[in-house]
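Some notes on the structure that comes next.
The values are calculated or read from the model by the stated rules, or taken from the named source; none is laboratory data. In this text the structure is predicted, and so the values were computed from the model without any measurement. Here the Cβ positions follow ideal geometry from the backbone for every residue, glycine too, while neighbour counts run over all protein chains shown. Accessible surface is based on the protein model in full, side chains and every heavy atom, while ligands, DNA and RNA are left aside. Shrake-Rupley method; radii C 1.70, N 1.55, O 1.52, S 1.80 Å.
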Amino acid sequence: MTAPDVQDAVGTDRVLPRLPGRVTFVVAAGSLLCVFVAAGSPISLFNLYRHHGLSGAVIASAAVLYFVAAAFSLLVLGRLSDHLGRRPVAIVAVLSSAAGTLLLTQVDGPQPLLLGRVFQGLACGAASGTLGAFVVDTAPARPRWLPALVVGSAPMLGIPVGAVGAGVLVEYAPAPRVLAYLIVSAALVLGAALLLAAPESIRRRPGAIRSLLPRFVVPAGSGRLMFAAGSAYVATWAVGGFFQAFGPTVAEQQLGSANAVVAAAVFASIMILNPLGGPLGGGLSPTAGLRIGIAAYLAAIAGVLLALEFSATVPFFLAALLAGIAQGVISTGGNRALLAATDSDERAGLLSTLFLISYCGAALPGLVAGQVADHLSVVQIALGYVLLGSLGCLAAFIGAPPGRRRSRCCG
């Protein structure tokens, strides 16, 4: 059934002109990206907030609250769009992100920062499953790895773009504490308006209230694959959480710069090249991509730790960029394999489960790190993250199943 057919089947009004299918794919992908750009925009302002009286513990707590809110949203709202439709849930998620971003324009103490990050986390959780499934529903047939790449790379590209963009505005534009947020909020409102004109991609079905009960979605016969992919996602997102929470500290204490752009570049370095992992791993079987990506990632994060120990700026950035590419190979391979085993009416639930695992991988270590941040050096904290990441990667490498034959969807 085509998207316009489904639109008629669910009985939605035809007052607005409906976007073509390929345009809908671009709008869904762009809106998903914008939600994560919004989530990244406060990161470059953390040092500014710290210099205006907010403690390091408050900054670390803001990062943890973001992850916890996202995890809660994924757990409770993750399957809602499988019943109500992609479009209405996606619009609410995008507007929630705009509301949280606008709250951050009022940061003069802990409360607006923490509340704004909660709203952004809730929006990211809802958008990850809903807009991610919308992307898969409306993606072109070729290349087959494209939807898995978009879904896996949206946070890895959007968050650093938001951080770097905000960092540039903080250093070189007027109104440094509000301008970035206003620009991102306007983009989110535009995304919501375009989604309003998008055709629905699935048929509505009963069970929306029951879908709010937490449930993990694992494709039949994919338990071993889910363990391997989940372990790898925990490992890579944990290390990414370190860069988000401690990026400004790394820039100032290890690389010798308090410039907001440098702090944003430190954070962005672990994520910005993530999309390259899709085409690089596209010629491999999904599980081969998962294994090769894990091996490269282990080498890269070891290089990150060594560069921090010796305050070596260029090696640090090179190792972090390599880690980002390797993570792209990992997430594309894992997503392709799991999406290929999942029916369309469970895609949002599966993606929400995968993102929930990922966010927990970032939030739980961040909660511990926030408690010890004032007592350990940033290199000691990084060592803990690298050890955790290495354990997760090794578990994933050992647990990855043999390669499977490719399927018609995403494989």
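Values for this structure:
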| item | result |
| --- | --- |
| Residues that are within 21 Å of A348 (Cβ to Cβ), free of Cβ contacts under 8 Å to residues at least 40 places away in the same chain and either outside any helix (DSSP H, G or I) or open to solvent by less than 50 Å² (accessible area, probe 1.4 Å) (or both), drawn from region 89-119 | S96 |
| In region 302-341, the residues that are farther than 23 Å from G129 by Cβ, open to solvent by less than 50 Å² (accessible area, probe 1.4 Å) and of a type in the set (D, E, K, R) | none |
| Breaking point among (1) open to solvent by 10 Å² or more (accessible area, probe 1.4 Å); (2) small (G, A, S); (3) in contact with a Ser or Thr (Cβ under 6 Å, 6 or more places away or on another chain), for A163 | (1) |
| Single match in E171, E200 (criterion: assigned to a helix (DSSP H, G or I) and of a type in the set (D, E)) | E171 |
| Among the candidates A29, A63, residue that is assigned to a helix (DSSP H, G or I), farther than 23 Å from A265 by Cα and either in the same structural domain as A260 (by the TED database) or open to solvent by less than 40 Å² (accessible area, probe 1.4 Å) (or both) | A29 |
| Residues within region 131-149 that are part of a helix (DSSP H, G or I) and open to solvent by 30 Å² or more (accessible area, probe 1.4 Å), tallied | 2 |
| Filtered residues of region 233-251 (kept if among the hydrophobic types (A, V, I, L, M, F, W, C), in contact with a Ser or Thr (Cβ under 8 Å, 6 or more places away or on another chain) and open to solvent by less than 10 Å² (accessible area, probe 1.4 Å)) | A235, F243, A251 |
| Pick from region 252-301, criterion assigned to a helix (DSSP H, G or I), open to solvent by 30 Å² or more (accessible area, probe 1.4 Å) and closer than 19 Å to I43 by Cα, ranking: modelled with the lowest pLDDT | V261 |
| Where R347 falls short, out of the listed (1) under 20 Å from the mean Cα position of the chain (by Cα); (2) assigned to a loop (DSSP other than H, G, I, E, B); (3) among the charged types (D, E, K, R) | (2) |
| Selected residue (only one of G361, G384, G303, G399 is among the small types (G, A, S) and closer than 25 Å to C124 by Cα) | G361 |
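A quick yes/no check of all residues on (1) under 30 Å from R224 (Cα atoms); (2) hydrophobic (A, V, I, L, M, F, W, C):
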residue: P315; (1), (2): no, no
residue: N335; (1), (2): yes, no
residue: A341; (1), (2): yes, yes
residue: I357; (1), (2): yes, yes
residue: V368; (1), (2): yes, yes
residue: G389; (1), (2): yes, no
residue: A395; (1), (2): yes, yes
residue: I398; (1), (2): yes, yes
residue: P401; (1), (2): yes, no
